[in-house]
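What follows draws every value from the coordinates through simple rules; no lab data is involved. What you are looking at is a predicted structure, and each value in this text was computed from that prediction instead of being measured. Glycine also receives a Cβ, built like all others from the backbone with ideal geometry; neighbour counts cover every protein chain displayed.
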Amino acid sequence: MKIGRKFRALKIIVLIGLAVILAAGAGLYLFVQSDAFDRWARDQIVSFLEGRFNVQVDLDRIDIAIFRNQVDIWGLRIHNRLHRREEPAISVPHLALNFSITSYFSPQASLDYVGIENLELRILEDPNDRLNLSNMFVIDDPEKAEPEDGSGMNVFRLAIAQIELTSGQIIYHDQPIFVTSESGSFQAALRFERADAEYRGNFEFEEFSLEINGFRLPRAGVGANFRYGQDYLYFSDLQVSSDAIRGTVNGGLEDLKSGVFEFETDLEVDLTALSEPDLSRFVSRGIVQTEGVMR
């Protein structure tokens, strides 16, 4: 009798436990499908960016279809908090993300696709003689660079299977530069060095295509190490490899405000392999090799 009562009690406990698990699962499913979850995710993104950088973030809405592995971010606008202007420094009307869950036990995801539509990036000089992007993202004070929770920026790694920029516009000192690009894959690693107040890292594009003001560069593989700090950007061992262009570039922009640059180049260009402009109609063979310094 005692054994029977214990067995029945055990069955009741198991059934209650299963009911609790099912109820929690159903509640979680309903929550991630709800507008409340989208609003929570929106608040988390805004809080993270504003807590780490000198920015003010406006975000109209975020739509998360977690079971379809899709995220759509609408109306993202990032302002310079130190020297706010009417127009945002960064504006993205629509940012589309597709992802895959690579681990459910310790949640991890990989980005399969990032689509950026109508990006507008404004690069201007602030009243303190620094570029607005430097004031927003490069923090000189090591104490300010370290968040209060102690979780500083270690090496940040990003891998995207496919990335596409449609109808982008970079406004540099009121001069618009129209940019469109796509890439078969993109990988990057980034570290913020507090002692030097600069970002260091590397990136690699595969099957990278870039169009600037209507001029399309040939599809290529591009990779480099870089350093970005207060109003400067340097590249080392920038490798370019395609059917039309092969070579190495070192150097960078010593003063982003005034556009002062210096690059050491070692390039080889096959004129007949260029698609835009198409020179194959005029030359049957044509290899241009250049080595030197561009200022």
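Say each of SER167 and PHE261 gets a label point 7 Å from the Cα, pointing the same way as Cα to Cβ; how far apart are those two points in nm?
2.7 nm
Want the number for ASN118 to ILE66: 0.36 nm per residue separation, take away the alpha-carbon distance, what's left?
Roughly 16.2 nm would be gained on extension.
What is the percent of Cα-Cα separations in the range 186-273 that go past 16 Å?
Beyond 16 Å sits 62 percent of the P(r) for the range 186-273.
Show me, for the range 127-136, the HN-Hα J-couplings you get by feeding each phi into the Karplus relation (A = 6.51, B = -1.76, C = 1.60, θ = phi - 60°), rounded to Hz, glycine and proline as x.
Values, residue by residue: x, 8, 6, 10, 5, 4, 5, 5, 4, 7 Hz.
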